[in-house]
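The values are calculated or read from the model by the stated rules, or taken from the named source; none is laboratory data. Everything quoted here is computed from the prediction, not taken from an experiment. So basically every Cβ, Gly included, is an ideal-geometry build from the backbone, and we count neighbours across all protein chains shown. When the accessible area is computed, the model is the full protein with side chains, heavy atoms only, and any ligands, DNA or RNA have been set aside. Shrake-Rupley method; radii C 1.70, N 1.55, O 1.52, S 1.80 Å.
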Amino acid sequence: LPETFKGGASRLSGPSGCAGRIVKASVKGTEIAKVVFRLDGRKVKTTAGSGSFKVKTSKLGLGVHRIKAKVVYSDRSGTTGRTHVVTFQRCAAKKIAPRFAG
């Protein structure tokens, strides 16, 4: 009987827009050998298989930030690697003027 090959697939989930206190990006899928996470171009974490990465937004500057997840699939899947990107912002806290009633 001939062997059947299952191709690799992956999906990155994460926030967009103004982020909360913690940002979590996670990769799930099939036939994933490893995932390399990068935050604003710096390598921050490598996982064997599916995985996730968390970062506290208080450690980041204000503005737009990107988490890139480079997925490497297993050799038996025959699927080439893929890079997923999630973009979020650390927004400045809005100042609310006090309202006096009199």
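Mind putting a number on the dipole of the chain about its Cα centre? Charges go on the C-beta only, +1 for Lys and Arg and -1 for Asp and Glu, and I need it in Debye to the nearest 20.
640 debye
When ligands, DNA and RNA are left out and all protein chains stay put, how many square angstrom of accessible area per residue does the chain have with a 1.4 Å probe?
72 Å²
By average Cβ neighbour count within 10 Å, what is the ranking of 87-96, 29-38 from highest down?
29-38, 87-96
When the accessible area of the chain is computed with all protein chains present and a 1.4 Å probe, what percentage of it is carbon and sulfur?
51 percent
Once you keep just the Cα pairs under 8 angstrom separated by 6 or more residues, what percentage relative contact order results for the chain?
Reported as a whole number, the value is 30 percent.
Between Thr46 and Phe100, what is the spin-label point distance in nm, taking each point 7 Å from the Cα along the Cα→C-beta axis?
Each label point lies 7 Å from its Cα, and together they span 6.1 nm.
Given the Cα-Cα distance of Thr87 and Val64 and 0.36 nm per residue of separation, how much length would full extension add, in nm?
That works out to 7.6 nm of additional length.
From zero outward in steps of 5 Å, how is the percent of C-alpha pairs of segment 1-79 spread across the bins?
3, 15, 24, 20, 14, 10, 6, 4, 2, 1, 1, 0
Picking from Ser16, Thr30, Val85, whose Cα lies most toward the positive end of the charge dipole for the chain (charges on Cβ: Lys, Arg +1; Asp, Glu -1)?
After comparing all options, I get Ser16.
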